[in-house]
Amino acid sequence: MRTTVPGTLHWLDSEDGTLAFELMKSGRWVNAFNQYVKEELVSWAEARQCQRKALDLLNATWEGVQNALKHGIGDEDRASVRCRCLTPVTLEVTIAQENDWPGWKTALAPSRCLDPDRIDDGYGTYVILKLSSEVHFLHEHKSLRMRFFCAQQDEVE
């Protein structure tokens, strides 16, 4: 049974093997993610035969959640995360926030991520770009979708 942390972490009902949860900024979301979500994410990816990308998925998701909770939502809002298996070799993570943060798209620009003058801004966006196979923005920058290809193309053919 998954641990729910009142006011911080809430697991959502899901079907078809989807992993879904919400984190609230008002609570101790960093501790909740580290204590309860990390293991669930890695186990979920590995159960879908995606051991090769499980840690990439975990770390990119962590960076996306941090960006959403630090920059995209108010003190009492929440960020929702939905992980699903698109194909036997493709996993998808969508992080949605309630408010618009146009900075997601500009912050993920490769030129920004490699700019030495912006080193104090952190490396989260660079990590997302490097670990994800694809990155897309949805719903007027309220959602970040990352895809992870778990097999090389020649392994699939």
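The values are calculated or read from the model by the stated rules, or taken from the named source; none is laboratory data. Source: prediction; values computed, not measured. Note: ideal-geometry Cβ built from the backbone for every residue, glycine included; neighbour counts use all protein chains shown.
Within the bounds of region 72-91, is there any residue that is hydroxyl-bearing (Ser, Thr, Tyr) and farther than 19 Å from His136 by Cβ? Before the answer, list the steps.
From region 72-91, those hydroxyl-bearing (Ser, Thr, Tyr) are 80, 87, 90; that's our starting set.
Going one step further and asking which of them are farther than 19 Å from His136 by Cβ, we end up with none.
No, region 72-91 has no match at all.
When region 18-51 is examined, which residues are found to be among the charged types (D, E, K, R) and under 12 Å from Leu91 (Cα atoms)? I'd like the intermediate steps shown before the answer.
Our first condition is that a residue be among the charged types (D, E, K, R); within region 18-51, this holds for 22, 25, 28, 38-40, 46, 48.
If the condition is that a residue be among the charged types (D, E, K, R) and under 12 Å from Leu91 (Cα atoms), then Glu46, Arg48 are the ones that fit.
Condition (residue is crowded, with 19+ Cβ neighbours inside 10 Å and part of a helix (DSSP H, G or I)) applied to region 12-31: is it met by at least one residue?
Of the residues in region 12-31, the ones crowded, with 19+ Cβ neighbours inside 10 Å are 19, 21, 23-24, 29.
Those left that are additionally part of a helix (DSSP H, G or I): 29.
Yes, there is a match, as at least one residue in region 12-31 is crowded, with 19+ Cβ neighbours inside 10 Å and part of a helix (DSSP H, G or I).
If we scan region 117-133, do we find a residue that is at pLDDT below 90, part of a strand (DSSP E or B) and touching a Lys or Arg at 6+ places or on another chain (Cβ under 9 Å)?
Looking through region 117-133, none of the residues is at pLDDT below 90, part of a strand (DSSP E or B) and touching a Lys or Arg at 6+ places or on another chain (Cβ under 9 Å).
Could you check Thr61 against (1) in a loop (DSSP other than H, G, I, E, B); (2) closer than 20 Å to Tyr126 by Cβ; (3) of a type in the set (Ser, Thr, Tyr) and say which number it fails?
(1)
Restricting the search to region 132-142, which residues are surrounded by fewer than 20 Cβ atoms within 10 Å (Cβ to Cβ) and not charged (D, E, K, R)?
Listed by number, the residues that qualify are Ser133, Val135, His136, Phe137, Leu138, His139, His141.
Among (1) under 20 Å from Lys130 (Cα atoms); (2) in contact with a helix residue (DSSP H, G or I) (Cβ under 9 Å, 6 or more places away or on another chain); (3) modelled with pLDDT of 80 or more; (4) hydroxyl-bearing (Ser, Thr, Tyr), where does Thr90 come up short?
Of the numbered conditions (1) under 20 Å from Lys130 (Cα atoms); (2) in contact with a helix residue (DSSP H, G or I) (Cβ under 9 Å, 6 or more places away or on another chain); (3) modelled with pLDDT of 80 or more; (4) hydroxyl-bearing (Ser, Thr, Tyr), the odd one out for Thr90 is (2).
Do we have any residue at all in region 14-35 that's without any contact (Cβ under 8 Å) to a residue 60 or more places away in the chain and closer than 21 Å to Glu134 by Cβ?
No, that holds for no residue.
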